[in-house]
Amino acid sequence: MNLILFGPPGAGKGTQAARLKEKYQLAHLSTGDMLREAVAAKTPVGREAEAIMAAGKLVSDELICNVVADRIEEPDCAHGFILDGFPRTLPQAEALDAMLEKKGKQIDVVIELTADEAELIKRIEGRAAESGEARADDNVETLKKRLDVYRSQTAPVLPFYAAKGLLRTIDGMRSMDEVTREIEQALPGRG
Ligand code: AMP
């Protein structure tokens, strides 16, 4: 089973992906995590991505598609994967389709977690206060920028998957356990 977790930054995609990974033995492919690792390791990809990420903007489609194309070749993806944070633009969604088609694979379901923007801002502030050290891109200004980018560039990907009959929309503002339960019910063959 290959699935996409879709939703604005802070909607809980990472938490839910970790739970699904555990339960269904899927690889968790977070493009944000991959890029943060590349930044930390100062690889060429990391050097290209660093300032763009700090500004809350999107790295280029070409760069991120290359990262994902390499990652889904890894053996742990053979039994299925969860994409978290990818695709984020229509060209990325189209490139993903082409990538998977070449391998005889497909996306089985796209789970959209919806979220209330004011609540997301509160959550990010809370997270930063708890950890004592905010992630570089987690300040409120950057979050607002990221929400703008989500609305203008990422949300338009949803109709692409809705047209294929793959989109399931879930209220991401409910408790983590409720969201997990709803996601599980939305998985193919479990509805
Ligand atoms: P995330 O942790 O998924 O919110 O990603 C953190 C940052 O990494 C984003 O704000 C973007 O700058 C960059 N990024 C992650 N995934 C993508 C993607 N699919 N396309 C472009 N930029 C991305």
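Bear in mind these aren't lab numbers, they're just calculated from the coordinates by the rules spelled out. The structure displayed is predicted, hence computed values, not measured ones. Methodologically, a virtual Cβ is constructed for each residue, glycine included, from the backbone with ideal geometry; neighbour enumeration extends over all protein chains shown.
Applying both filters, DSSP loop and at most 16 other Cβ atoms within 10 Å, to the GluC sites (Glu not before Pro) of the range 92-191 gives Glu133.
Database remark: amide H of Thr169 closer than 5 angstrom to the amide H of Glu112 (H placed geometrically; neighbours at sequence offset of 5 or more, or on other chains; Pro and chain starts carry no H).
With 25 Å as the limit on Cα-Cα distance, the pairs of Lys102/Lys145; Lys21/Lys144; Lys13/Lys57; Lys122/Lys145; Lys42/Lys144 that go past it are Lys102/Lys145; Lys21/Lys144; Lys42/Lys144. The string of couplings for the range 19-36 from the Karplus curve (6.51, -1.76, 1.60, θ = phi - 60°) is 5, 5, 4, 4, 6, 10, 6, 9, 6, 9, 9, 9, 5, x, 4, 4, 5, 4 Hz, one whole number per residue in order, with x for Gly and Pro. Among the trypsin sites (Lys or Arg not before Pro) in the range 146-191, those located in a DSSP loop and surrounded by at most 13 other Cβ atoms within 10 Å of their own Cβ are Lys164, Arg190.
With both labels modelled 7 Å from their Cα along Cα-to-Cβ, the Glu119 to Ala163 distance reads 3.1 nm. Identify the GluC sites (Glu not before Pro) of the range 12-89 meeting these criteria: DSSP loop state and at most 14 other C-beta atoms within 10 Å of the C-beta. Of the GluC sites (Glu not before Pro), the ones in loops of the range 12-89 whose Cβ has at most 14 other Cβ atoms within 10 Å are Glu73.
Per q in 0.12, 0.14, 0.21 1/Å, what log10 I(q)/I(0) does a Debye calculation on the alpha-carbon atoms of the range 15-137 return? After summing over all Cα pairs, the log10 values are -0.53, -0.72, -1.42.
Give me Asp61, Asp70 sorted ascending by neighbouring Cβ count inside 10 Å, so fewest comes first.
Sorted ascending by nearby Cβ count, the order is Asp70, Asp61.
Among Lys102, Lys122, the order by Cβ neighbours within 10 angstrom, fewest to most, reads Lys102, Lys122.
Here the range 76-179 is treated as a Stokes sphere of Kirkwood radius computed over C-alpha pairs; at 37 °C and 0.692 mPa s its diffusion coefficient rounds to 208 µm²/s.
Can you give the helix-only mean residue ellipticity at 222 nm for the chain, where every DSSP H stretch with n ≥ 4 adds -39500 (n - 2.57) and the sum goes over all residues, rounded to the nearest 500 deg cm²/dmol? Taken over the chain, the calculation gives -15500 deg cm²/dmol. Here Ile107, Ile64, Ile52 are placed in order of increasing Cβ neighbour count within 10 Å, fewest first, which gives Ile52, Ile107, Ile64. A cut-off of 5 Å between modelled amide H atoms, ignoring neighbours fewer than 5 places along the same chain, links His28 with Ile82.
Bridging of Lys23 to aspartates and glutamates at a Cα separation below 13 Å is possible for Glu184, once same-chain residues fewer than 8 apart are set aside.
Nothing charged except the Cβ atoms of Lys and Arg (+1) and of Asp and Glu (-1): what's the magnitude of the dipole of the range 22-138 about its Cα centre? Round to the nearest 20 debye. Walk me through the numbers on the way to the answer.
Numbers: 14 positive and 25 negative charges, 38 e Å.
Rounded to the nearest 20 debye, it is 180 debye.
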